[in-house]
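Notes to accompany the following structure.
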Amino acid sequence: MNRFVAAERALRTAAPHQLLDAVRDVLCGHYAAGSVELFMADYGLTVLQPVSVLPHTLEPIPVHTSPEGRAFGAQEPFVEERGDGDVRAHLPVTVRGDRLGVLSVVLPRAACDADTVAELADIAEVLGHEVLVAERDTDLYLQARRKDRLTLAAEMQWQLLPGRSCSRPEYELGAQLEPAYAIFGDNFDWSADAERLSLYVTNGMGEGIEASLLTNLGINALRNARRAGIPLADQAALADQAVHAQYRGDRYLSVLMLDFELSTGRMLVIDAGSPQMLRLRGRTVERVDFEAQLPLGMFEETDYLVQEFRVEPGDRLLFVSDGVHAVAGPGGEKYGQKALAMAISSTRLLPAAEVPRAVLRELAGHRGRPGPEDDALVVCLDWHGPAGARHDAAR
């Protein structure tokens with residue numbers, strides 16, 4: 001049995017809470033590793049939290065000013081010289097574009113060639129898959145993701161999310177919510193199959209538990225309709241009925257619903273509320289307006305109309321909640337389209353997974369307060385086009 005297969009088998013057979021112990025045993029025994037540590041990205045994407053038995057024995061590591069953070073941000077292995085004859089290899093722990101954290105391995109310099117680093121990167125990817133599966137049976141990795149205690153509403157919202165990033169040949173997606181530890185009602189959801197990508201960006205009324213309960217009902221109603229295989233307009237109508245039946249119009253859910261045809265870039269849209277879409281094409285940023293329709297649950301039996309839109313390879317789409325485009329600065333001035341367009345332009349070279357956090361940092365500078373008074377949600381989609389078309393363009 002070669003050493004990679006040994007590592008893979010150890011991870012697949014380990015108890016859910018012992019994944020780090022399993023990978024540490026194999027890397028120390030087969031790769032001459034001196035130490036092995038796993039760090040998980042926190043909900044705010046500001047630090048990498050150590051995974052260990054409580055209480056933690058290691059300090060959190062900043063994402064933006066550390067070697068571990070460099071590997072996390074670039075999504076490439078980074079080998080750090082230690083000056084004692086050893087090196088530390090930092091390896092992204094990522095599953096289909098969803099960035100979970102970093103595996104850091106101390107190795108003798110002589111044992112750290114390019115092939116070994118590539119092999120360790122593959123092991124880190126296997127570890128990521130196993131962490132996601134293990135989260136069904138242990139809280140260890142979810143606990144490691146938080147540097148502060150989540151409010152109950154935030155706990156409910158984070159459990160509802162599909163992830164914070166994903167990638168396929170046709171597109172890359174990234175999203176971030178703030179404040180990460182005390183969320184109100186904003187949310188996003190996505191799902192893809194061989195032919196289509198569905199994306200929902202939502203903004204629920206209210207605060208705390210009431211907002212979270214409303215969003216949970218709305219998102220699960222949309223998922224239920226989507227999984228029944230019905231068209232986009234009927235998905236909106238059924239979710240609208242579910243929300244109205246519960247709240248009788250006293251509460252409602254704003255949502256921007258999008259359905260992408262992956263082979264063509266044809267997009268079906270229902271704009272039922274406040275989330276906005278902006279497009280970066282080349283160096284030009286512009287807001288894309290759709291026909292405004294009623295939020296879900298405002299009235300009984302609302303009919304929804306689908307609009308068509310088309311994206312082109314190279315387009316970047318940003319979806320923002322009103323906690324972004326309508327937030328006021330210290331003098332009462334709104335963030336507005338001009339400032340948002342500048343933030344989008346200044347982040348155009350970043351990958352989609354990095355853009356939401358960067359835009360939210362720009363927003364924080366405008367806000368001029370320690371924390372937001374409302375949810376701020378940014379979702380970034382980079383459209384590469386059909387897989388075959390992208391391959392042809394690359395040639």
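The values are calculated or read from the model by the stated rules, or taken from the named source; none is laboratory data. Because the structure is a prediction, the values reported are computed rather than measured. Quick reminder, even Gly has a Cβ in these numbers, built from the backbone with ideal geometry, and neighbours come from all protein chains shown. Heads up: the accessible areas ignore ligands, DNA and RNA and are worked out on the full protein's heavy atoms, side chains in. Shrake-Rupley method; radii C 1.70, N 1.55, O 1.52, S 1.80 Å.
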Exercise for the section: Those residues that are touching a helix residue (DSSP H, G or I) at 6+ places or on another chain (Cβ under 7 Å), under 21 Å from GLU37 (Cβ atoms) and crowded, with 17+ Cβ neighbours inside 10 Å, I need them from segment 135-162; list them, please. Expected result: LEU140, TYR141
Problem - Complete set of residues in segment 180-222 that are modelled with pLDDT of 95 or more, part of a strand (DSSP E or B) and charged (D, E, K, R) - result: ASP189, ARG196
Practice task
Evaluate the following for LEU132: is it open to solvent by less than 10 Å² (accessible area, probe 1.4 Å), within 19 Å of VAL23 (Cα to Cα), in contact (Cβ under 8 Å) with a residue 12 or more places away in the chain and part of a helix (DSSP H, G or I)?
Solution key: no
Completion exercise
If we take segment 242-354, then strands (runs of 3 or more DSSP E) inside it with 3 or more residues that are open to solvent by less than 30 Å² (accessible area, probe 1.4 Å) and either over 23 Å from ASN224 (Cα atoms) or out of contact with any His (no Cβ under 9 Å at 6 or more places or on another chain) (or both) are 253-261, 266-272, 276-281, 316-320
Handout entry: The lone exception for ALA233 - which of (1) on the phi > 0 side of the Ramachandran plot; (2) open to solvent by 20 Å² or more (accessible area, probe 1.4 Å); (3) of a type in the set (Gly, Ala, Ser) it fails
Key = (1)
Problem - The one condition in (1) in contact (Cβ under 8 Å) with a residue 40 or more places away in the chain; (2) surrounded by fewer than 18 Cβ atoms within 10 Å (Cβ to Cβ); (3) farther than 20 Å from SER165 by Cβ that ARG196 fails to fulfil - result: (3)
Exercise for the section: Return a yes/no flag: does segment 107-115 have any residue that is modelled with pLDDT of 95 or more and touching a Ser or Thr at 6+ places or on another chain (Cβ under 9 Å). Expected result: yes
Exercise for the section: Considering only segment 163-189, state which residues are surrounded by fewer than 19 Cβ atoms within 10 Å (Cβ to Cβ) and more than 23 Å from VAL47 (Cβ to Cβ). Expected result: ARG168, PRO169
